[in-house]
Amino acid sequence: MDQQQYSVTIVESSVQRAGFTEEDVGDDQIVDMFLTVCGHSSHTVNSYKRAIQLFRGFVPNKSLREITWKEIEAFKVGLVKGYSSYSGKPLSPASISALIAPLKSLYKWGSDPNIGLFPRNPTTTVKTPSVPVTSAKHYLTRDEVVKLLELLRLESERNYLIGLALVVLGLRVSELVGIRWGHFQSDPLNISIWLNVEKGKGGKKRMVKVPQYLWKLFQEYRIICKNSNDDHFNRQVFAITSRQVERIIQSAASRLSTTKRTTPHWLRHTNATLALLKGASLQQVQNTLGHSHINTTQRYLHTVEQLEKAAPDYVEECLLDFIEKKNINSI
């Protein structure tokens, strides 16, 4: 059963249980059905829920069916100026996009002819703000990664393994904390170990190869944590929240001799940058990170090209004989 068929089944069963038609379904039920079938991770579902609640609070006297593009645009303006945000302060383009995207997704789903909960999609003409690409600068050098991992190792084996898994596997924090021991599996020839990422961004699944040394550390950590009374196969590898992971990485990073405000997501950017520098293909990096579009991965390629050889390097190379000769004569 594909995603659309699943959505239709959920709507039909919900309506039948309640004993009324689609037109009678209330806003709360519509939102609940949407969040049930959207197929996102629990972290994304919670973010979508908060965004939709914020919008509904902005237009308390209108139902979701009565909304037009005007209310959506007014909400967006309120986020820009701050009077419709949670904090009452103007939001960044990235934050505004994160609050508008769930509304666009909700109305696109509900206005589908097979779903039929909304007469139209009022978000089709609504544009999200242009978000500047900052990932090109958000990476650590090899030496910075080594120092960070050394600091994490001094804290505990768990923290060291968390940091190493983030940078080697390129995982998002939500994906890391969602790992269960049963998600690891070997290939048919028992040559390598793969991690089955169950709930990536957008609910997508992917397989990420686990290098031998990292898998050895996971096995050692499993022995330390093993409890015969637990269902080990379904137990979380790291019984920890996303916020706790963020604190662990940020705390260790604050002790580095750098002004970079490192977060766990920086380690994901670092994974892509180091992989490309060492010769990995764009396709390999795209598959590891779970990017839907190769354009997203290409951002890292631009960074790598600049790191390897930029235009000034070619100019200097052209003038190198003159520069070296000038330096010799001045000695």
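The values are calculated or read from the model by the stated rules, or taken from the named source; none is laboratory data. None of the values given here were measured: they were computed from a predicted structure. For neighbour counting, all protein chains shown are included, and Cβ atoms are generated from backbone atoms with ideal geometry for every residue, glycine included. Ligands, DNA and RNA are stripped out before the accessible areas are found, and what is left, the full protein with its side chains, is counted by its heavy atoms. Shrake-Rupley method; radii C 1.70, N 1.55, O 1.52, S 1.80 Å.
For ARG158, indicate whether it is assigned to a helix (DSSP H, G or I), without any contact (Cβ under 8 Å) to a residue 12 or more places away in the chain and under 18 Å from LEU214 (Cβ atoms).
The answer is no for ARG158.
Find the residue count for segment 73-121, including only residues that are of a type in the set (Phe, Trp, Tyr), touching a Ser or Thr at 6+ places or on another chain (Cβ under 6 Å) and assigned to a loop (DSSP other than H, G, I, E, B).
To start, the set of residues in segment 73-121 that are of a type in the set (Phe, Trp, Tyr) comprises 75, 83, 86, 107, 109, 118.
Retained after the next criterion (residues that are touching a Ser or Thr at 6+ places or on another chain (Cβ under 6 Å)): 75, 107, 118.
From what's left, assigned to a loop (DSSP other than H, G, I, E, B): 118.
Total satisfying the criteria: 1.
Condition first: within 17 Å of ILE52 (Cα to Cα) and touching a residue at least 60 places away in the same chain (Cβ under 8 Å). Now tell me which residues in segment 71-124 satisfy that.
Within segment 71-124, SER105, LEU106, TRP109, GLY110, LEU117 meet the criteria.
If the Cβ limit is 7 Å and pairs must be 6+ apart or interchain, which residue in segment 193-205 that is surrounded by 16 or more Cβ atoms within 10 Å (Cβ to Cβ) pairs with which residue that is hydroxyl-bearing (Ser, Thr, Tyr) and at pLDDT 80 or above?
ILE193/SER186
Considering only residues that are open to solvent by 40 Å² or more (accessible area, probe 1.4 Å) and on the phi > 0 side of the Ramachandran plot, which ones fall in segment 61-115?
Across segment 61-115, the qualifying residue is only GLY88.
Which members of segment 251-276 meet the condition of being touching a Lys or Arg at 6+ places or on another chain (Cβ under 9 Å), of a type in the set (A, V, I, L, M, F, W, C) and within 16 Å of VAL168 (Cα to Cα)?
TRP266, ALA272, LEU274
Quick one: LEU277 ticks every box in (1) aliphatic (A, V, I, L, M); (2) open to solvent by 60 Å² or more (accessible area, probe 1.4 Å); (3) farther than 17 Å from HIS138 by Cα; (4) within 23 Å of the chain's Cα centre (by Cα) bar one, so which box is it?
Just one mismatch for LEU277, condition (3).
Looking only at segment 41-60, how many residues end up being assigned to a helix (DSSP H, G or I) and either open to solvent by 80 Å² or more (accessible area, probe 1.4 Å) or free of Cβ contacts under 8 Å to residues at least 24 places away in the same chain (or both)?
8
Mind telling me which of the residues ARG153, ARG180, ARG158 ends up being open to solvent by 50 Å² or more (accessible area, probe 1.4 Å) and more than 16 Å from GLN250 (Cα to Cα)?
Checking each option against the conditions leaves just ARG180.
Looking at segment 140-157, is at least one residue under 30 Å from GLU220 (Cβ atoms) and small (Gly, Ala, Ser)?
yes
Condition check: at pLDDT 90 or above and not basic (Lys, Arg). Does ILE249 satisfy that?
Values: at pLDDT 90 or above: yes; not basic (Lys, Arg): yes.
It is true that ILE249 is at pLDDT 90 or above and not basic (Lys, Arg).
For segment 13-36, give me each residue that is surrounded by 18 or more Cβ atoms within 10 Å (Cβ to Cβ), at pLDDT below 85 and either closer than 17 Å to TYR107 by Cβ or basic (Lys, Arg) (or both).
VAL25 - this is the single residue of segment 13-36 that is surrounded by 18 or more Cβ atoms within 10 Å (Cβ to Cβ), at pLDDT below 85 and either closer than 17 Å to TYR107 by Cβ or basic (Lys, Arg) (or both).
Kindly evaluate VAL146 against the criterion of being closer than 30 Å to LYS278 by Cα and open to solvent by 40 Å² or more (accessible area, probe 1.4 Å).
The answer is yes for VAL146.
For ASN121, only one of the following conditions fails: (1) more than 18 Å from the chain's Cα centre (by Cα); (2) at pLDDT 95 or above; (3) buried (at least 21 other Cβ atoms within 10 Å of the Cβ). What is its number?
(3)
Looking at segment 183-192, which of the residues that are part of a strand (DSSP E or B) and open to solvent by 50 Å² or more (accessible area, probe 1.4 Å) is nearest to GLN236 (Cα to Cα)?
Among residues in segment 183-192 that are part of a strand (DSSP E or B) and open to solvent by 50 Å² or more (accessible area, probe 1.4 Å), the one nearest to GLN236 (Cα to Cα) is GLN185.
Quick check on GLY163: is it at positive phi and either touching a residue at least 12 places away in the same chain (Cβ under 8 Å) or crowded, with 21+ Cβ neighbours inside 10 Å (or both)?
no
Among the residues in segment 139-155, are any closer than 29 Å to ALA98 by Cα, within 21 Å of the chain's Cα centre (by Cα) and not in a helix (DSSP H, G or I)?
yes
Only residues that are closer than 24 Å to VAL177 by Cα and loosely packed, with under 15 Cβ neighbours inside 10 Å: list them for segment 280-302, please.
Result: GLN284, SER292.
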